[in-house]
Amino acid sequence: MFDEKGVNLTELKNAELDQLFSSVDGDELVSHSGGGSGGYLEHIFAFAAKELFGKNIDDITYKTLRNKDFKEVTLQVDGQDVLKFAAAYGFRNIQNLVQKIKRGKSPYHFVEVMACPSGCLNGGGQIRPGDEETPKELISRLDELYNSLRSRKPGENPVVEKLYKEWLDGDSSEKVNEMLHTKYHEVEKLNTALNIKW
């Protein structure tokens, strides 16, 4: 597209960075807890622990299960597992998890799923390793770089806070419920020739 339009990136004038959906805070790059995959498992886990059980979670320790791409985190209260979350990356782990769910054997309250093994830092749209670097080394280096950034919780973005106040009439408004909340309902199965098992 750039070639077709005759656009040369080095000749473009500087423009102000869009801060609303940005990973920039002032002049500083920031990350969010949960790593470079972009998932919010850690935020939701900490929020649920505080709201449901009055527990403040500052640091999350995962337990690796079958492989490094399938891990879980559990909150225990009085010796009982009250929250159990999992992160499943890569199709093999996702397929295994879906089979457990179908059989009613999944112990999880929340599951974060990413199709790419090792999460989004290994996704198809990411940079490729150079001649002197293996894919595994690149992922490790990217993960290290991402985790070296200052972490910002989702609720700490002043631009988003302003959006809630000025455009959505507060965080519990009717606009918020209408525009940001999802409602689920069971989809009725249709008996057509398309879904007959041959």
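The values are calculated or read from the model by the stated rules, or taken from the named source; none is laboratory data. All values reported here derive from a predicted model rather than from experimental measurement. When we count neighbours, we look across all protein chains shown, and the Cβ atoms used for this are built from the backbone with ideal geometry, even at glycine. Surface accessibility is based on the protein's heavy atoms, side chains included, excluding ligands, DNA and RNA. Shrake-Rupley method; radii C 1.70, N 1.55, O 1.52, S 1.80 Å.
Sub-8 Å Cβ pairs linking a first residue in the range 82-102 that is touching a residue at least 12 places away in the same chain (Cβ under 8 Å) to a second residue that is in a strand (DSSP E or B) and of a type in the set (Lys, Arg), at least 6 apart or interchain, are ALA86/LYS71; ALA87/LYS71, ordered by first then second residue. Between a residue in the range 43-55 that is farther than 19 Å from ARG152 by Cα and any residue that is loosely packed, with under 15 Cβ neighbours inside 10 Å, which pairs come within a Cβ distance under 9 Å, given they are 6 or more apart or on different chains? Partner pairs satisfying both residue conditions: PHE53/VAL77; LYS55/VAL77. Where helices (runs of 4 or more DSSP H) fall entirely within the range 78-193, those with at least 3 residues that are farther than 29 Å from GLU28 by Cβ and open to solvent by less than 70 Å² (accessible area, probe 1.4 Å) are at 91-102.
For LEU41, are the conditions met, namely being among the aliphatic types (A, V, I, L, M), at pLDDT 80 or above and either under 15 Å from the mean Cα position of the chain (by Cα) or open to solvent by 40 Å² or more (accessible area, probe 1.4 Å) (or both)? Yes; evaluated as a whole, the condition is true for this residue. Scanning the range 58-70 for residues that are crowded, with 18+ Cβ neighbours inside 10 Å and over 19 Å from TYR146 (Cβ atoms) gives a single hit, PHE70.
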